Amino acid sequence: MSGDGTRCVRGGEPGTHEIGDPVHRGPVLTSTYHLGRPEDAGDGSDFYARAGNPTWREFEAAVGELDGGPCTVFPSGMAAIAAVLRAFGTPERGVLLPADGYYVARALADEELRPLGVPVAYCATAGDWELAIVRHRPALVLLETPSNPGLEVCDIAAVVTAAHKVGAVVAVDNTTATPLGQRPLDLGADLVVASDTKALGGHGDLLLGHVSAADPLHAERIRGFRTRGGAIAGPMETWLALRGLGTLDLRLARQADNARALALALRETGGVHDVRWPGLPDDPAHTLAARQMRRWNGVLRFTLADVHAVSEFLSRTTLVDSATSFGGLRTAADRRARWGDAVPDGLVRLSCGIEDTDDLVADVLGAVRAAV
């Protein structure tokens, strides 16, 4: 297998090229395709943009190679999660989700699945998943590891073993880790889902998501949900994400370097509490994370005294954007309690960009010290 950087740059390309072919193919912007004669129908060619697009397939081939299974692109990470929940959650057995994962996924389960009679249960990411699986016997188990925003970690392989004993499908939200940082399908998961709006696209200029599957039948089911439900990605956004993917390897390395330096510095700074980054050897999640993750990323968390301290920090920094997404080129910070997460008022999720490490550390520490 080629290295991470090679697969990011070359993934999804056709095997051969003709003289005059563009090196960088652009997006295919069309809603309709030539059908030919009536007897030509059904030969597998594209026929309507809701069902297929060459740009999708190029992106899906590249990401599927990184994930280790056939990939289906969606217009956002939440569209991808919604497809998984609706496709595999059943009224008979329901779904089991992380209690401390992305809050919109919980809202979708509570506000859309419950009214349809689908049982919804929760377990903390660092909690006893095996007990929860035995108790609830769900049809679908959705994990998020490392979790957002807490950066807690659960044992994917152990959860998969317990879930498969009761016939449950296991999906892992891999947004925080990225496909370079973690390959849940290799650990036995059935599905991997991610918001490619974040690190994979990497430039903060698109919305996109995907689902990859270990079983081609699961992939076909997910693809059918996309086609029937119409949750389709725009070719331009898909092409932009494919272009962004080419630098994921490089971006992830700098982001992880920045996160390590910031986490170490913040732990020695007065007024800053509960600094968490799984890459630190003494982080509570490190031992498990190191066993199942291939690489670290650039997202860390820390807690300041209160809302005022966070506000002061954000007003005094010059290299940190106050923004709610993560994984981009620019460092961004978000006070997560504002969205309803059950976290302290002063908890900050900070996503390191690719700024020079010394500049970023100096800026963040100066702003924090002024704020506390």
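The residues in the stretch 340-372 that are in contact with a Phe, Trp or Tyr (Cβ under 6 Å, 6 or more places away or on another chain) and closer than 16 Å to Val307 by Cβ can be counted, and the count is 6.
Scan the stretch 165-179 residue by residue and report those that are part of a loop (DSSP other than H, G, I, E, B) and closer than 18 Å to Asn148 by Cα.
Just the residues of the stretch 165-179 that are part of a loop (DSSP other than H, G, I, E, B), to begin with: 166-168, 174-179.
Answer for the stretch 165-179, where residues must be part of a loop (DSSP other than H, G, I, E, B) and closer than 18 Å to Asn148 by Cα: Asn174, Thr175, Thr176, Ala177, Thr178, Pro179.
Conditions (1) closer than 30 Å to Leu187 by Cβ; (2) surrounded by 18 or more Cβ atoms within 10 Å (Cβ to Cβ), marked per residue:
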position: His308; (1), (2): no, no
position: Phe326; (1), (2): yes, yes
position: Arg330; (1), (2): no, no
position: Val361; (1), (2): no, yes
position: Val372; (1), (2): no, no
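Of all positions in the stretch 213-230, none carries a residue that is under 24 Å from Cys352 (Cα atoms), of a type in the set (A, V, I, L, M, F, W, C) and touching a residue at least 40 places away in the same chain (Cβ under 8 Å). Among residues of the stretch 320-341 that are touching a residue at least 40 places away in the same chain (Cβ under 8 Å), those with a beta-carbon under 6 Å from a residue that is among the hydroxyl-bearing types (Ser, Thr, Tyr) and assigned to a loop (DSSP other than H, G, I, E, B) at least six positions away or on a different chain give the pairs Val320/Thr331; Asp334/Thr324. Within the bounds of the stretch 47-56, is there any residue that is crowded, with 19+ Cβ neighbours inside 10 Å and over 24 Å from the mean Cα position of the chain (by Cα)? No; the residues of the stretch 47-56 include none that is crowded, with 19+ Cβ neighbours inside 10 Å and over 24 Å from the mean Cα position of the chain (by Cα). The number of residues in the stretch 285-340 that are among the aromatic types (Phe, Trp, Tyr) and farther than 23 Å from Leu206 by Cα comes to 3.
State whether one or more residues within the stretch 230-241 are within 15 Å of the chain's Cα centre (by Cα), assigned by TED's automatic domain parsing to the domain that holds Val159 and either not in a strand (DSSP E or B) or not aromatic (Phe, Trp, Tyr) (or both). Looking for residues that are within 15 Å of the chain's Cα centre (by Cα), assigned by TED's automatic domain parsing to the domain that holds Val159 and either not in a strand (DSSP E or B) or not aromatic (Phe, Trp, Tyr) (or both), one finds at least one in the stretch 230-241, hence yes.
Being closer than 20 Å to Leu252 by Cα and either out of contact with any helix residue (DSSP H, G or I) (no Cβ under 6 Å at 6 or more places or on another chain) or in the same structural domain as Trp129 (by TED's automatic domain parsing) (or both) is the requirement here; does Leu143 meet it? No.
The values are calculated or read from the model by the stated rules, or taken from the named source; none is laboratory data. If you're wondering where the values come from, they're calculated on a predicted model, not measured in any experiment. Don't worry about glycine lacking a Cβ; one is built from the backbone with ideal geometry, like all the others, and counts go over all protein chains shown.
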